[in-house]
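A short worksheet on the structure shown next.
Nothing in this text is a laboratory measurement; each read-out follows from the coordinates by a stated rule. Owing to the predicted nature of the structure, the values given are computational and were not obtained by experimental measurement. Cβ placement follows ideal geometry from the backbone for every residue including glycine, while neighbour counts extend to all protein chains displayed.
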Amino acid sequence: MASDAERTVLRRARPAFVLSGLIALVLAALTVLPLVLFAELARDLIDGADRDRLVRLASVGAGVLVIGVAAGAILLTLLHFYDQYFAAALRRTILDKLVRLPLAWFLSLRRIRLRTLVHDDVNALHYLVTHAVVDVVVTVVTPLAMLGYLFTVNWTLTLVLLIPVGGYLGAMMVLAFRDQSRLTEMLEWDRRLPEVTEEYIRAQPVSRIYGDDAVVDLPGELSQMSRFLKTWQSGTLGSKAILLQLNRPMTAMVLVVVVGTGLIVTGWMSAAAIVPFLILGTSFGDRILAASYAPNGLREGRDAAARLDRFLATEELARAARPVELPPADRPAVLTLQNVVVTTGEVGGLDHVSLACVPGGVTAIVGSVDGGREALAAVAARWRDPDAGAVLLDGSDVRDYDESELRRQVGVLHRSVRVVPGTVADNLAVSRPEATRAEIAEAARGAHLTELIDRLPDGFDTVVVPDRLSAGARQRLALARVLLADPRLLILDEAVTAADPDSTWEVREGISRLVAGRTVLVLAEQLRPVVRADLIVVLADGRIVEQGSHAELMAVDGEYARRYRSEMGELA
């Protein structure tokens, strides 16, 4: 397993952080130095210094100011270019990780969380990579440098200048401690509300019939959050108003003028010495405030990086160091499960299942959805790896094959058919992008799609509108994809046969053509469609309770026979 240092998404950005931090130190000096020079210029002007010194100070101050602005712009431009490279490389890493993750990971993750992970979190790193180090260094070093300079001018007035700043920081700490529980609640709202909104949108067909709160009460959730925010804001309004007054430049100026005048009158400070405080001191509070804001962006970026680190550390499908060569495609696949265990954390796993599917024949897996049927199909298709045991294809563990080669020989007709953006031909060719137009047309004929395609304005070049495809059309599309891929092992979901009435015969006839000569694994909850299977396996609670042909299982008069008679009785 990779070490934490190797896994962190920020590892490759560390040289950029160090370099930008060192440059930021120089930028902080270039930010303060012109102000100091101009303050000295004003003091010398009051004290009647010679013209050459005044011109020299003004020239150096202007030059340093220009150099500082130019250096800051160049650094920011370079960091933005680097951020583009960094984000592109990170997205490639995420994409590679996604294709290596088991399907079970995707099924356990909400879409809104997946979008946050692969899009929002990558974008959140922009501030961390491009601005954070520079902002933190400049906003921390600049006020400290200003403070050091002002101490050399008059330490008494400098300490007075720190009074409102200290009061502001102390009050902010008290307010943050007092509002800690509310901040936690606000973070929970930020996490919960997008998920509730997505659920509300998806539930509209039900909500329109039974009311908005039938599935999720989004209006109620929004009202509750609004009341929470109103209560929170009204309770802190007075404290925030005082805090703003403490940190205003006018507050600092009044202190400088009042206290500075007193120091001048009493002889503790020269009249010219008040000028640096009027130039630098009035903005001192704002710079301290900016320093308090910078860590917020830094924290958000670090949180996003931590989430991405956890994602990249997720256990993935194992890669074969030396992939085994798959047998020729002209032979039916030999699929065997050896003592397979799948732990899902809930119902639906497998408990030490051993099974030899019929090569070139149909093996039907019957039982409820939570009995382990889906888990068996998942390990057979290598959508996930078993927690224990092995799945063998032609005598070798499926983990020993190259995954891309393995997927070319395993076809799955799933109940969910994904339509991709593009033309009809593009959608048919997703299973074999290199297929010729003639091969695509042949697969369409085998799936009884030709008549439908001929009615389209541009035939195979017609752009698909997903919402306008019927369930039967989607299933025939999936069927054509598998025909085009020509797999040796076919995993067939029973739901594929549940098409709309106009397409039932076409789908079933196409499937009959597809299964010929292939090793087929059929998932079924109803028994009537699989009575002609070569082997019927009955799963319950993740274990095989019966297996055999239809006649053999009826003769045993066990669970299968009981369910079959019950099903036939319901149809009678």
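Annotation: amide H of Val334 within the under-5 Å range of Asp394, sequence separation 5 or more or interchain, hydrogens built in the peptide plane.
Distances between placed amide hydrogens fall under 5 Å for Val9 paired with Asp309, all partners being 5 or more residues away or on another chain. Close amide H partners of Tyr401, meaning residues 5 or more places away or on another chain with modelled amide H under 5 Å apart, are Val324. Residues in region 275-283 carry Karplus couplings, in order, of 4, x, 5, 6, 7, 9, x, 5, 9 Hz; the curve used is 6.51 cos²θ - 1.76 cosθ + 1.60 with θ = phi - 60°, and Gly or Pro positions show x. Loop-resident GluC sites (Glu not before Pro) (DSSP state other than H, G, I, E or B) in region 410-499 with no more than 10 further Cβ atoms inside 10 Å of their Cβ: Glu434. In the distance distribution for region 335-571, Cα-Cα pairs more than 29 Å apart total 32 percent. If R0 equals 30 Å, the separation of the Cβ atoms of Ala313 and Arg432 corresponds to a calculated FRET efficiency of about 0.30. By the count of other C-beta atoms within 10 Å, a proxy for reagent exposure, Ser368, Ser431, Ser404, Ser283 are ordered fewest to most as Ser404, Ser368, Ser283, Ser431. Sequentially through region 25-41, phi angles give Karplus couplings (6.51, -1.76, 1.60; θ = phi - 60°) of 4, 5, 4, 4, 5, 6, 7, 7, 4, x, 5, 5, 5, 5, 5, 5, 4 Hz, Gly and Pro residues having no value and appearing as x. Here the simple spin-label model places points 7 Å from the Cα toward Cβ, and for Ala561 and Ala29 these points are separated by 9.4 nm. The phi torsions of region 385-395, fed into the Karplus equation with coefficients 6.51, -1.76 and 1.60 and a -60° offset, translate into couplings of 9, x, 6, 7, x, 8, 10, 9, 10, 6, x Hz, rounded to whole numbers, with Gly and Pro shown as x.
In this structure, Arg299 and Ala551 have a Cβ-Cβ separation that, at R0 = 51 Å, corresponds to a calculated FRET efficiency of about 0.15.
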